[in-house]
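S.K.: Quick one: this structure, given as structure tokens, is what I'll be asking you about.
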Amino acid sequence: MKLPYGYVQINEEIVVHEEKADAVRSIFGYYLAGASLGKIVDMLYAKGIPSPSGNPKWGRAAVDKLLSNAKYIPIVGVETYMDTQFERERRCNVDYDKAEHPRKASRYQSPSLQIN
């Protein structure tokens, strides 16, 4: 069993790893302060905090997965976790059509393709 980032197993007990837990709290804090996933990745890299896989730079998908994981409630608290989930939903640009298929709400078109 792979433990979530910020936790360690000591003997038979799973406990919070305080140094990594501080990074988790920072990630949630940055996101709630308005930082994008890419900006959070850049801040973690600038602080020298390696990713859960040991790479020097985090991926946006890893940060997004961390933000959506309820296993971080003991580290950040219920209120911060729930606020983050509402913010993730607010920022999401995926909508669903009549057949319940996910579709982006906005359609982007290259300026060179626009017809006047």
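The values are calculated or read from the model by the stated rules, or taken from the named source; none is laboratory data. No experiment lies behind these values; they were computed from the predicted model shown. Quick reminder, even Gly has a Cβ in these numbers, built from the backbone with ideal geometry, and neighbours come from all protein chains shown. Quick note on the areas: whole protein, heavy atoms, side chains included, nothing else; ligands and nucleic acids left out. Shrake-Rupley method; radii C 1.70, N 1.55, O 1.52, S 1.80 Å.
S.K.: Applying the selection to the stretch 6-32, what residues are hydroxyl-bearing (S, T, Y) and either modelled with pLDDT of 95 or more or out of contact with any strand residue (DSSP E or B) (no Cβ under 9 Å at 6 or more places or on another chain) (or both)?
M.R.: Residues satisfying the conditions are S26, Y30, Y31.
S.K.: Output yes when any residue across the stretch 39-51 is out of contact with any helix residue (DSSP H, G or I) (no Cβ under 9 Å at 6 or more places or on another chain), open to solvent by 50 Å² or more (accessible area, probe 1.4 Å) and among the hydroxyl-bearing types (S, T, Y), and no when none is. Outline the logic, then answer.
M.R.: Just the residues of the stretch 39-51 that are out of contact with any helix residue (DSSP H, G or I) (no Cβ under 9 Å at 6 or more places or on another chain), to begin with: 42, 45-46, 48.
Checking the rest, the ones that are also open to solvent by 50 Å² or more (accessible area, probe 1.4 Å) come to 42, 45-46, 48.
If we keep only those that are among the hydroxyl-bearing types (S, T, Y) too, we end up with 45.
For the stretch 39-51, residues out of contact with any helix residue (DSSP H, G or I) (no Cβ under 9 Å at 6 or more places or on another chain), open to solvent by 50 Å² or more (accessible area, probe 1.4 Å) and among the hydroxyl-bearing types (S, T, Y): present.
S.K.: Let me ask you something else. Would you confirm, using the coordinates I've provided, whether A70 is within 15 Å of the chain's Cα centre (by Cα) and free of Cβ contacts under 8 Å to residues at least 40 places away in the same chain?
M.R.: yes
S.K.: Only one of A61, A35 is at pLDDT below 95 and assigned to a helix (DSSP H, G or I). Can you tell me which?
M.R.: Criteria check complete, one pass: A61.
S.K.: In the stretch 8-50, which residues are among the hydroxyl-bearing types (S, T, Y) and free of Cβ contacts under 8 Å to residues at least 12 places away in the same chain?
M.R.: Across the stretch 8-50, the qualifying residue is only S36.
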